[in-house]
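The values are calculated or read from the model by the stated rules, or taken from the named source; none is laboratory data. All values reported here derive from a predicted model rather than from experimental measurement. Virtual Cβ from ideal backbone geometry, glycine too; neighbours counted across all protein chains shown.
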Amino acid sequence: MEHKKAEKISKALADPNRIMIIKEVKKQNDALYCCDIDAIIDLSQPSICHHLKQLTDTEILIPEKEGRYVKYALNNSLIEEYIDFLHSLKTT
């Protein structure tokens, strides 16, 4: 993984609301609709959209449009790649 990509992911994960969104997606079998996120997390709709944009821009979440709704899924391969990158920073 490139350092810039890892830096971008780290910045996206630095916000507790984004971590909460990721946890909720994980709880729902790795797929959650935007309207469901709105019901679970006590934030305004524009704030949720901002956080979702940050997570999709970094490709942590993958959006999938279904009619008028957007479903979000975790990008498990990217998360694994990020974890491997972090492990490579560890001294032995």
(message) Need a quick list: helices (runs of 4 or more DSSP H) entirely within region 1-47 having at least 3 residues that are at positive phi.
(response) none
(message) Can you find, within region 42-70, the residue that is nearest to ASP15 (Cα to Cα) among those that are over 12 Å from the mean Cα position of the chain (by Cα) and of a type in the set (D, E, K, R)?
(response) ASP42
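Quickly run through region 10-39 and pick out the residues that are among the hydrophobic types (A, V, I, L, M, F, W, C), touching a residue at least 24 places away in the same chain (Cβ under 8 Å) and under 23 Å from LYS65 (Cα atoms).
ALA12, ILE21, ILE22, VAL25, ALA31, LEU32, CYS34, CYS35, ILE37
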(request) Filter region 64-92 down to the residues that are aromatic (Phe, Trp, Tyr) and either in contact with a Leu (Cβ under 9 Å, 6 or more places away or on another chain) or modelled with pLDDT of 90 or more (or both), then identify the one that is surrounded by the fewest Cβ atoms within 10 Å (Cβ to Cβ). (result) PHE85
(request) With the condition kept exactly as written, say whether any residue in region 33-47 is at pLDDT below 90, surrounded by 14 or more Cβ atoms within 10 Å (Cβ to Cβ) and touching a strand residue (DSSP E or B) at 6+ places or on another chain (Cβ under 6 Å). (result) yes
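Here's a check for you: in region 48-92, which residue that is polar (S, T, N, Q) and either outside any helix (DSSP H, G or I) or in contact with a Gly (Cβ under 7 Å, 6 or more places away or on another chain) (or both) is nearest to ALA6 (Cα to Cα)?
Of the residues in region 48-92, the ones polar (S, T, N, Q) are 54, 56, 58, 75-77, 88, 91-92.
Narrowing the set further to residues that are either outside any helix (DSSP H, G or I) or in contact with a Gly (Cβ under 7 Å, 6 or more places away or on another chain) (or both) leaves 58, 75, 91-92.
Numbers: THR58: 9, ASN75: 14, THR91: 18, THR92: 21 Å.
Top of the filtered list is THR58.
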(message) The conditions are (1) in contact (Cβ under 8 Å) with a residue 24 or more places away in the chain; (2) within 23 Å of LEU86 (Cα to Cα); (3) among the hydroxyl-bearing types (Ser, Thr, Tyr), and SER47 fails exactly one of them. Which is it?
(response) (2)
